[in-house]
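*Asks:* Dropping the structure in here first, questions after.
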Amino acid sequence: MSDRLEWGPEEIRAACDAFARTLEDYLASLPERPVFPALDRAALEGIVGERLPEAGRPFVEVLARFREVIVPNATAIPSPRFLAYINCTPTVTAILAESLAAMLNQNCTLWNLSPSANAVELAVLGWFKSIFGLPAAAHGLVTSGGSAANLVGLAAARQRHLPGDARDEGLQSQAVAASPLVTYASVETHNSIDKALMLLGLGGRYFRKIAVDDAFRIDVDALAAQVAADREAGLTPFCVVANAGTIATAAIDPIDALADLCAREGLWLHVDGAFGGFAAILEDVRRQMAGVERADSISTDPHKLLLVPMEAGCVLVRDRELLRRTFSYIPTYYAAAEDPLLCDFTEYGPQLSRSFKALKVWMSLQVHGLAAYREILARTFALARHVADAAAAAPELELTAPPSMMVTCFRYVGPPGCRLRKDPQAADRLNERILDTLVDSGRAFISRARLGERFVLRICVVNYRTTETDLDDVLTEVVRIGRRLEKKG
């Protein structure tokens with residue numbers, strides 16, 4: 001073994017001390033740090049064009065470069081004024097857990113390569129099953145995120161609905177070609193569903209995007225009519241995707257009504273809870289998600305509301321054996337004796353090599369407890385309602401959707417009588433300029449959405465460091481920028 005690769009105790013302690021100071025300084029700097037940085041393009045070009053080093057350098061020197069170049073040119077997602085997307089600020093617990101997972105470097109594919117990690121992942125799956133009310137016999141796995149979780153859930157749906165030989169013939173089967181499978185979801189559904197259907201060979205042509213009501217929830221009557229029309233046309237309806245929190249407005253579809261329809265029609269119900277599913281730990285949100293316990297599969301993202309660093313998603317499937325049939329390919333060089341307690345996760349998903357993502361989820365819940373997450377979710381949701389109330393009360397702003405969970409959508413329309421109120425397209429263009437100006441300033445980072453034909457501004461509150469003052473300052477800045485740009489024309 002090369003001496004250059006092995007560190008002694010003193011080097012380890014020095015590196016860890018330097019890491020701790022870096023973490024401490026970064027977290028302390030967040031209130032004043034620009035959310036979107038003024039990019040040092042020369043420094044970034046230096047990184048991009050850097051030659052592969054032949055000789056190494058001390059860790060503390062490389063860490064110093066990280067502090068001097070990487071950190072100042074990174075979007076400050078943990079900032080209390082990062083309000084654009086549901087990218088969380090990870091807790092220190094979760095950050096340290098990520099390092100511990102790297103220390104053990106378990107390959108969470110076969111149980112005998114990762115016995116304790118296997119047990120931790122099974123525990124996390126058990127906790128999530130209890131949150132959503134799925135039976136203990138359900139199964140799943142921790143994934144890289146919601147996109148992968150949605151892919152796994154829809155793959156299991158396809159497996160159930162394709163003919164018996166489809167595992168070999170796939171979509172080349174004549175039976176499938178004669179009556180293509182059709183998927184349904186609202187027009188507000190995340191594009192990871194589009195990607196999953198493409199990857200599974202199901203095709204965008206057979207993905208029906210259903211209209212929504214005034215609260216941006218799927219229109220169940222319109223869905224039922226579309227299912228009937230597709231059957232009449234000789235197609236095979238097979239799956240409905242329900243949203244437990246849409247991206248634009250955090251709307252929650254009427255899952256119970258969708259479950260009733262799926263039961264009548266023999267359709268798979270997949271609940272995309274990657275955005276807001278974990279909020280089911282709050283009683284009022286769990287009531288809004290009534291029926292989620294009836295789902296055939298559910299996705300959720302711990303790296304959102306559970307405040308752990310990327311990557312960590314999760315998928316749960318009611319029928320464990322169906323999930324296993326979907327993905328089980330065990331070559332002789334991988335075969336291991338089955339264990340009565342543990343499982344080979346490679347049989348339940350597309351990955352072979354899998355990192356120990358479940359540790360940061362398990363350790364976070366162990367350290368903080370569910371009560372802490374209920375408290376922070378209730379607080380951030382209240383902050384989103386504060387934004388909605390302030391936007392509704394401001395004479396120059398317009399609330400554009402009912403606030404839901406952590407999201408509020410609004411737009412600048414100018415004072416009463418302003419020309420923008422009579423020219424929605426001009427208002428669209430101005431609000432785009434307001435957004436770009438605000439983000440480029442580094443003062444805050446909010447996002448955009450389209451609701452119907454209208455461009456709107458969107459604030460998403462997931463950071464436990466965000467305060468009412470932060471949000472009031474953002475709204476004040478939106479109005480200030482809007483006034484200035486509107487005068488300039």
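The values are calculated or read from the model by the stated rules, or taken from the named source; none is laboratory data. Owing to the predicted nature of the structure, the values given are computational and were not obtained by experimental measurement. We place every Cβ from the backbone using ideal geometry, glycine too, and count neighbours over all the protein chains shown. For the accessible areas, the whole protein counts, side chains as well, though only heavy atoms, and no ligand, DNA or RNA atoms are used. Shrake-Rupley method; radii C 1.70, N 1.55, O 1.52, S 1.80 Å.
*Asks:* Using a basic spin-label model with each label point 7 Å from the Cα along Cα→Cβ, how many nm lie between E338 and A119?
*Replies:* Those two pseudo-labels are separated by 2.1 nm.
*Asks:* Just check the stretch 225-361 against the gyration tensor rule for me: Cα atoms, a ≥ b ≥ c as the square roots of the eigenvalues, rounded for a/c under 1.5, and otherwise prolate or oblate depending on whether a/b exceeds b/c.
*Replies:* Oblate.
*Asks:* Something else about it: Using the Cα centre of the chain as origin and beta-carbon charges of +1 (Lys, Arg) and -1 (Asp, Glu), tell me which of G133, F36, F455 is placed farthest towards the positive end of the dipole.
*Replies:* Working it through, the farthest residue towards the positive pole turns out to be F455.
*Asks:* Only four residue types carry charge here, +1 at the Cβ of Lys and Arg and -1 at the Cβ of Asp and Glu. Report the dipole size of the stretch 328-422 about the Cα centre in Debye, rounded to the nearest 20.
*Replies:* Numbers: 10 positive and 8 negative charges, 147 e Å.
Dipole size: approximately 700 debye.
*Asks:* Moving to a separate point now. Of N150, A280, L485, whose Cα points farthest to the positive end of the dipole of the chain (charges on the beta-carbon: +1 Lys, Arg; -1 Asp, Glu; origin at the Cα centre)?
*Replies:* Result: L485.
*Asks:* So how far apart, in nm, are the two label points at K488 and L63 if each is 7 Å from Cα heading toward Cβ?
*Replies:* With each label point 7 Å from Cα toward Cβ, the separation is 4.4 nm.
*Asks:* So with the 1.4 Å probe, I'd like the accessible area per residue for the chain, rounded to whole Å².
*Replies:* Values: 22730 Å² over 489 residues.
On a per-residue basis, 46 Å².
*Asks:* For the stretch 413-487, state which GluC sites (Glu not before Pro) are in a DSSP loop and have at most 10 other beta carbons lying within 10 Å of their beta carbon. Please list the in-between numbers first.
*Replies:* Values: sites: E432, E453, E468, E477, E486; in loops: E453.
Within the stretch 413-487, the qualifying GluC sites (Glu not before Pro) (loop, at most 10 other Cβ atoms within 10 Å) are E453.
*Asks:* Share of the chain's accessible area from carbon and sulfur, percent, 1.4 Å? Kindly include the intermediate steps, with their values, before the conclusion.
*Replies:* Values: 12290 of 22730 Å².
C and S fraction of accessible area: 54 percent.
*Asks:* Under a plain spin-label model, where a point goes 7 Å from the Cα along Cα-to-Cβ, how far apart in nm are A215 and E375?
*Replies:* 3.0
*Asks:* Is it possible to state the helix-based mean residue ellipticity at 222 nm for the chain, with each DSSP H run of 4+ residues giving -39500 (n - 2.57), the sum divided by total residues, to the nearest 500 deg cm²/dmol? What is it? Don't skip to the answer; put the middle values down first.
*Replies:* Values: 17 runs with 218 residues, N = 489.
Rounded to the nearest 500, the figure is -14000 deg cm²/dmol.
*Asks:* Can you tell which of M310, A337, P180 lies farthest toward the positive end of the dipole of the chain, using +1 and -1 charges on the Cβ of basic and acidic side chains (Lys, Arg; Asp, Glu)?
*Replies:* In the chain, that residue is P180.
*Asks:* Mind checking which lysines have their Cα closer than 25 Å to the Cα of K195? Skip sequence neighbours fewer than 8 apart in that chain.
*Replies:* Reachable lysines: K209, K304, K357.
*Asks:* Report, in cubic angstrom per residue, the convex hull volume of the C-alpha atoms of the stretch 310-436.
*Replies:* Values: hull volume 26.5 nm³, N = 127.
So the per-residue Cα hull volume is 208 Å³.
*Asks:* Roughly speaking, what is the centre-to-centre gap between the stretch 41-58 and the stretch 88-105 when only Cα atoms are used, to the nearest Å?
*Replies:* Value for the Cα centre distance between the two parts: 27 Å.
*Asks:* Follow-up question, since we're still on this one. Excluding S192 itself, what net charge comes from residues whose Cβ is under 15 Å from its Cβ, given Lys and Arg +1 and Asp and Glu -1? Provide the component values of the computation, followed by the final result.
*Replies:* Working: positive: K195, K209, K304; negative: E188, D194, D272, D301, E311.
After counting each charged neighbour, the total is -2.
*Asks:* Please say if the chain is rounded, prolate or oblate, where rounded means a/c under 1.5 for a ≥ b ≥ c the square roots of the C-alpha gyration tensor eigenvalues, and otherwise the choice is prolate for a/b larger than b/c and oblate otherwise?
*Replies:* On the way: a/c = 1.81, a/b = 1.04, b/c = 1.74.
Cα axes put the chain in the oblate bin.
*Asks:* Just the Kirkwood number for the stretch 419-460, please: inverse of mean 1/r across all distinct Cα pairs, in Å, one decimal.
*Replies:* Numbers: mean 1/r = 0.0929 Å⁻¹.
Averaging 1/r across every pair of different Cα atoms and inverting gives 10.8 Å.
*Asks:* Given a Förster distance of 22 Å, report the FRET efficiency between L171 and R320 from their Cβ-Cβ distance, rounded to the nearest 0.05.
*Replies:* Numbers: r = 25 Å, r/R0 = 1.13.
The calculated FRET efficiency here is 0.35.
*Asks:* Go through the stretch 1-72 and name the trypsin sites (Lys or Arg not before Pro) that are in a DSSP coil and have 16 or fewer other Cβ atoms within 10 Å of their Cβ. Intermediate values should be presented prior to the final figure.
*Replies:* Values: sites: R4, R13, R21, R41, R51, R65, R67; in loops: R4, R51.
The qualifying sites are R4, R51.
*Asks:* Could I ask something else about it? Quick one: 3J(HN,Hα) in Hz for the stretch 399-409, Karplus 6.51/-1.76/1.60 with θ = phi - 60°, rounded, Gly and Pro as x.
*Replies:* Values, residue by residue: 6, 10, 7, x, x, 9, 6, 9, 10, 9, 10 Hz.
*Asks:* I would also like to ask the following. Starting from the alpha-carbon convex hull of the stretch 8-120, give the projected area averaged over all orientations, in nm². Spell out each step's value before the answer.
*Replies:* Numbers: hull surface 41.3 nm².
For the Cα atoms of the stretch 8-120, the hull's average projected area reads 10.3 nm².
*Asks:* Quote the relative contact order of the stretch 358-489 in percent (integer), defining contacts as alpha-carbon pairs under 8 Å separated by 6+ residues. Could you put the intermediate results ahead of the total?
*Replies:* Numbers: 167 pairs, mean separation 32.7, N = 132.
About 25 percent, as a whole number.
*Asks:* Loop-only GluC sites (Glu not before Pro) in the stretch 30-78, please: DSSP not H, G, I, E or B, and at most 15 other Cβ atoms within 10 Å.
*Replies:* Values: sites: E32, E45, E50, E54, E61, E68; in loops: E32, E50, E54.
Within the stretch 30-78, the qualifying GluC sites (Glu not before Pro) (loop, at most 15 other Cβ atoms within 10 Å) are E32, E50, E54.
*Asks:* Next question, about the same structure. Report, in debye and to the nearest 20, how large the dipole of the stretch 166-307 comes out about its Cα centre when Lys and Arg carry +1 and Asp and Glu carry -1 on their Cβ. It would help to have the intermediate numbers written out before the result.
*Replies:* Working: 12 positive and 20 negative charges, 62 e Å.
About 300 debye.
*Asks:* Starting from the Cα-Cα distance between A74 and A55, subtract it from 0.36 nm times their residue separation and give me the gain in nm to one decimal.
*Replies:* Values: separation 19, 0.36 × 19 = 6.84 nm, distance 2.69 nm.
Going from the current span to full extension adds 4.1 nm.
*Asks:* I want the local charge near E98. Using Cβ-Cβ distances under 14 Å, sum +1 for each Lys or Arg and -1 for each Asp or Glu among the other residues. Don't skip to the end; give the middle numbers.
*Replies:* On the way: positive: K357, K360; negative: E311.
After counting each charged neighbour, the total is +1.
*Asks:* Within the chain, what's the longest run with no chymotrypsin sites (Phe, Trp or Tyr not before Pro) in a DSSP loop and at most 14 other beta-carbon atoms within 10 Å? Give the range, please.
*Replies:* Working: sites that count: W7, Y329, Y333, Y334.
Longest stretch, sites excluded: 8-328.
*Asks:* Rounded, prolate or oblate: pick one for the stretch 1-46, where a ≥ b ≥ c are the square roots of the eigenvalues of its C-alpha gyration tensor, a/c under 1.5 means rounded, and failing that, prolate if a/b is larger than b/c, else oblate.
*Replies:* Judged from the Cα gyration tensor, the stretch 1-46 comes out oblate (a/c at least 1.5, b/c at or above a/b).
*Asks:* Give a residue-ordered list of calculated ³J(HN,Hα) values for the stretch 423-434 (Karplus: 6.51 cos²θ - 1.76 cosθ + 1.60, θ = phi - 60°; whole Hz; x for Gly, Pro).
*Replies:* 9, x, 5, 5, 5, 4, 5, 5, 5, 4, 5, 4
*Asks:* Let me ask something else about it. Given charges of +1 on the Cβ of Lys and Arg and -1 on the Cβ of Asp and Glu, with all other atoms neutral, how large is the dipole of the stretch 88-190 about its Cα centre, in debye to the nearest 20?
*Replies:* Working: 4 positive and 6 negative charges, 33 e Å.
Once rounded to the nearest 20, the dipole reads 160 debye.
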